[in-house]
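Shown next, in structure tokens, is the structure this report addresses.
The numbers here are math on the coordinates, done by the rules we state, and not lab data. All values derive from a computational prediction rather than experimental measurement. We place every Cβ from the backbone using ideal geometry, glycine too, and count neighbours over all the protein chains shown.
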Amino acid sequence: MNLKTADPTRPADPTEPADPAEPGNMLVLGLGLWVFVLSLIFVVASALALHNARAELAADTDALALAVVNEISEEAYYTGTGIAYTDGDVYAAAEAWLTSHGIPATLTQPTGVSGDGIVVTLERTVPIPFVPSLLSAVDEVTLTTTSHARLRTM
């Protein structure tokens, strides 16, 4: 029924809202939808940033394991007599490599000798982007990666 006329036989104008309160409801719905979409974008961007930080830490851990396993003299490698690592040697070489390359991570366990190779574990605390400081309980996450390396003998 058209609100301007009381004639029930005349069809309602489709451009006029049936309820005068409808435009306000659409505004609230539209704002709510935009808030939801922006929140979703921030969550995806935060997850992507954490994924990239973990990939970077994994690459650093792999490079560290390879550098430490290659810390052997050429004479010991070619004679095959001196390829024996200790946990202390691995830890000291890993600490020196981390310091020289300026990587903001800490060595954690397991780091040391594992069978005929070495294992290195790095840990880094990364802030979560787009999290307000009011949520201090969940504003950062600790990432841990482990890498194994083995030096093959001739």
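Before moving on, here are some points about what is shown:
- Scoring 40-51, 58-69, 86-97, 25-36 by mean Cβ neighbours within 10 Å over their residues and listing the highest first yields 58-69, 86-97, 40-51, 25-36.
- Karplus 3J(HN,Hα) series, Hz, for segment 55-62 with 6.51 cos²θ - 1.76 cosθ + 1.60 (x for Gly, Pro): 5, 5, 5, 5, 5, 5, 5, 4
- Inter-label distance, residue 123 to residue 86: 2.5 nm, where each label sits 7 Å from its Cα along the C-beta direction.
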